[in-house]
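This report concerns only the one structure given below.
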Amino acid sequence: MKTIHKVFFVWEFDKEERWLNEMAAKGQLLTDVGFCRYVFEDGEPGVYQYRLELLEDAPSSPEGHSYIRFLEDTGAEQVGTLLRWVYFRKRTEDGPFDLFSDFDSRIAHLRRMLVMLTPILPLMICSSVLQFHNLGSWVGIVTGAVGLLVTYGIVRIILKIRRLQKERAISEG
Amino acid sequence: MNFANGALTEAVYYILLSLLEPRHGYGIMQNAEALSNGRVRLAAGTLYGAINTLLEKGWITALPGEKSSRKKEYVITDEGRTVLQNELKRLEELLDNGRALLGGN
């Protein structure tokens, strides 16, 4: 068993997913997740495919629970949860593992990330402005930096949504 | 899902076709894949969302299952059948026009 600490931002979830699958291909199978923390166990390389999803509801809520059970009935397994994120895996021999097979559901998933990130912005802006008179204040600097970072993330997600919407206008899946 | 012009998405079309017989989620995925010779693979997340939308619209309904049974089964409603019939007519029009203009059989 080994624990790796690594930072992925919300808008990098596809990069995170790729990394987890690269680890799985090398026989490092994710078995638990925490905040910036990934627990791997040695296993057979390439046996599992990993996917992660930001749910609409908390994984522990009845709605979240019912969704996770549905996925389990299709052969997927819940590896771990982090806030509203759920990490799933499925055996490679059971066929390709995707959570979304059309543009609408992919766009809806990205929108959930926007809804999660957007409320952070006014908080950060207010806090930065309130601290502005006090330029040396680390609180002002930190909240300003977080605000910029979240803005960057929101723009990245919006661009992804735009690209999918363009494709959706001419095809289905 | 966009129902504005009456066209069903491929996913919805195959879900409705699959539910002419009662099936659970995984059964729908397998049936759609078999019907389309492996071309249509409904991903579980997309399928779950579609099932909920179709339940809300009343095009399919959940069968009252045993409480111990985890896998909920669904089946098409009369309204769903009508939707499918209309979709067949629309698809026939598409095919007729395509064949007439592009040639082929």
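The values are calculated or read from the model by the stated rules, or taken from the named source; none is laboratory data. Model, not experiment: these values are computed from the prediction. For neighbour counting, all protein chains shown are included, and Cβ atoms are generated from backbone atoms with ideal geometry for every residue, glycine included. Note: accessible area is taken over every heavy atom of the protein model, side chains too, but ligands, DNA and RNA are not part of it. Shrake-Rupley method; radii C 1.70, N 1.55, O 1.52, S 1.80 Å.
Evaluate the stretch A:37-52: report whether one residue or more is surrounded by fewer than 20 Cβ atoms within 10 Å (Cβ to Cβ), closer than 28 Å to A:ILE158 by Cβ and touching a residue at least 12 places away in the same chain (Cβ under 8 Å).
No, every residue in the stretch A:37-52 fails to be surrounded by fewer than 20 Cβ atoms within 10 Å (Cβ to Cβ), closer than 28 Å to A:ILE158 by Cβ and touching a residue at least 12 places away in the same chain (Cβ under 8 Å).
The listed residues are B:GLU93, B:GLU33, and the only one of them that is facing chain A (nearest Cβ under 10 Å) and open to solvent by 30 Å² or more (accessible area, probe 1.4 Å) turns out to be B:GLU33.
Would you check if there is a residue in the stretch B:66-79 being at pLDDT 95 or above and over 13 Å from B:LEU20 (Cβ atoms)? Yes, some residue in the stretch B:66-79 is at pLDDT 95 or above and over 13 Å from B:LEU20 (Cβ atoms). Of all residues in the stretch A:9-36, those being touching a residue at least 24 places away in the same chain (Cβ under 8 Å) and not in a strand (DSSP E or B) number 11.
The residue that is farthest from the other protein chains (Cβ to nearest Cβ), counting only those in the stretch A:55-66 that are open to solvent by 20 Å² or more (accessible area, probe 1.4 Å) and in a helix (DSSP H, G or I), is A:PRO62.
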